[in-house]
Amino acid sequence: MKVLIIGGGGREHALAWRLAQSPEVERVFASPGNPGIARVAACLPAGDGSPDAYLALAESVDADLTVVGPEAPLVAGVVDAFRARGRAIFGPTAAAAQLEGSKVFAKNFLQQSNIPTAAFVAAPNAAAARRALDRFSYPVVIKQDSLAAGKGVVVAEDRASAEAALASLKPPFVIEEFLAGEEVSYIVLSDGRNVVPLEPTQDHKAVFDGDAGPNTGGMGAYCDSRVLTAAQSRTILDRIIRPTIEATGFTGFLYAGLMMTSDGPKVLEFNVRLGDPETQPIMHRMRSDIAPLLLAATQSALPAARMEWQPGPSVCVVLASGGYPGAFTAGKPIHGIEAAEATGATVFHAGTRHGAHNGSAGLETAGGRVLGVTASGSDLAAAIDNTYTAARLIHFDGMHYRTDIGRKGLRRYSGATI
Ligand code: AMP
């Protein structure tokens, strides 16, 4: 089959890399893609990025299957546009994408469906939010209702930081009880009825080591079957995933961002697509061919399959531009990707582009998150070591990365579960 991937970040590079290895896939296209994706797929411009532009593109290459990476085209109705023309696409409708597109919608849904989540108040404006704050203790969590590329959430330690958050975020708001515990990203494929779970991952959202500093789109992730026990996975499927899919008929990748609290798993947020950077270690570890599952899901025929995985964990460390998640300067030449890959790691591209420096052509930075260095190992410690050995060979001006990706997971090797 011919597959079109919508998007151009690290998540889409990992997906394209995996799909290009499928014996069922004749050709991969990506729109807009990036220089890393161009090694495994034909990259095509996205036009104005509207649902109709992607539909025209899928028709022009006669794609048998389209897979959507980012949330924005889903919320804009790309799946509805494709279905109206009878073209196969894997993702949720615009209505179902509201689970991610609006935090107020998601919280009301969770509450009405009796799915465990943090206590909350929805506030249409800052004045209502200030009144709501009186009902919470600190730390308190303040979220903007609308999409914010992972940056619309502030954990406020005191009233002054809560006021500052209300000034920096866009109304309406959700004010939410702070939950303590370990976070887990739990992602399933769904055809509207049947689900196939992917292996659990743990993301690292804060910019600095030890979860310090502001939240980012994600600074690294690891994929390891030991992130959850079999009993915990069953609870998540029974209490959270299946009720959500039954109530919404959700199709696509459903991603539950969970806090594993002392009262069990609770939903922090839903995403309606694969995570970035979780997709990088997931695709790196995946042994099964995901292409036929994605196609079957578009035909409401997802088999009750269990996917096969490499036994050893995979780790992805994101190399970011100086200043990210704040302002940063693009156009810095990137060195060392080949040397990093020569160690056995895979370097997924996110914010990269072709440039010319001192008269010679090469890659340069083009975004906040630039590269996702991904490697596996026989156990998590080895996977972490292999990933950082490769990451240290890459350089660009201002580059920074966390040095503790996966460390929380190491605790589980000494018998602790979350
Ligand atoms: P969200 O986009 O809702 O997942 O929030 C982004 C990040 O903020 C999460 O990954 C958590 O690290 C943190 N967060 C969100 N909600 C809460 C909460 N209720 N308690 C503690 N941390 C939270």
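The values are calculated or read from the model by the stated rules, or taken from the named source; none is laboratory data. What you see is a predicted model, and the numbers here were worked out from it, not measured in a lab. Here Cβ is always computed from backbone atoms with ideal geometry, including for glycine, and neighbour counts include all displayed protein chains. All accessible areas refer to the heavy atoms of the entire protein, side chains included, with ligands and DNA or RNA removed. Shrake-Rupley method; radii C 1.70, N 1.55, O 1.52, S 1.80 Å.
Potential lengthening of the chain between HIS357 and ALA20 amounts to 118.2 nm, from the contour at 0.36 nm per residue minus the alpha-carbon distance. Placing a label point 7 Å from the Cα of ALA119 along the Cα-to-Cβ line, the residues of the stretch 177-203 whose backbone N sits under 19 Å from it are 177-181. Distance between the 7 Å Cα→Cβ label points at ASP397 and ALA126: 3.7 nm. Placing pseudo-labels 7 Å out from each Cα toward the beta carbon at SER378 and SER168 gives an inter-label distance of 4.5 nm.
In plain terms, the chain from GLN310 to ARG287 could stretch by 7.7 nm, reckoned as 0.36 nm per residue minus the Cα-Cα distance. Apolar share of the accessible surface for the chain: 50 percent from carbon plus sulfur atoms, 1.4 Å probe. Note on the stretch 330-370 and the stretch 177-213: Cα centroid distance 28 Å, given to the nearest whole angstrom.
Binning the alpha carbon pair distances of the chain at 10 angstrom intervals from zero yields the distribution 5, 22, 33, 28, 11, 1, 0, expressed in whole percent. Describe numerically, in nm with one decimal, the distance between label points set 7 Å from Cα along Cα→Cβ at PHE178 and at ASP404. Taking the simple label geometry, PHE178 and ASP404 are separated by 1.7 nm. With all protein chains kept in place, the per residue accessible area of the stretch 1-86 amounts to 37 square angstrom at a probe of 1.4 angstrom. What net charge is computed for the residues neighbouring ALA129, neighbours being all others with C-beta under 15 Å from the C-beta of ALA129, Lys and Arg scored +1, Asp and Glu -1? The answer is +3.
Estimated purely from DSSP H runs of n ≥ 4, each contributing -39500 (n - 2.57), the mean residue ellipticity at 222 nm for the chain is -8000 deg cm²/dmol once divided by its residues. Peptides 119-128, 303-312, 24-33 ordered by packing proxy, namely the average of other Cβ atoms within 10 Å per residue, highest first: 24-33, 119-128, 303-312. Note on the stretch 85-110 and the stretch 4-30: Cα centroid distance 23 Å, given to the nearest whole angstrom.
Run through the stretch 55-150 and list the trypsin sites (Lys or Arg not before Pro) located in a DSSP loop whose Cβ has at most 14 other Cβ atoms within 10 Å. Within the stretch 55-150, the qualifying trypsin sites (Lys or Arg not before Pro) (loop, at most 14 other Cβ atoms within 10 Å) are ARG85, ARG135.
At q = 0.11, 0.12, 0.14, 0.23 Å⁻¹, what base-10 log of I(q)/I(0) does the Debye formula yield for the stretch 1-118 when every alpha carbon is treated as an equal point scatterer in vacuo? Results for the stretch 1-118 at q = 0.11, 0.12, 0.14, 0.23 Å⁻¹ read -0.39, -0.46, -0.59, -1.20.
Loop only per DSSP, at most 15 neighbouring Cβ atoms within 10 Å: give me the GluC sites (Glu not before Pro) in the stretch 75-171, ordered by residue number. Counting only loop positions with at most 15 other Cβ atoms within 10 Å, the GluC sites (Glu not before Pro) in the stretch 75-171 are GLU157. Per residue, the stretch 196-337 exposes 34 Å² of accessible surface when a 1.4 Å probe is rolled over the protein heavy atoms with every protein chain present. For the listed residue pairs LYS103/LYS151; LYS107/LYS205; LYS170/LYS332, the alpha carbons are over 25 angstrom apart in LYS170/LYS332.
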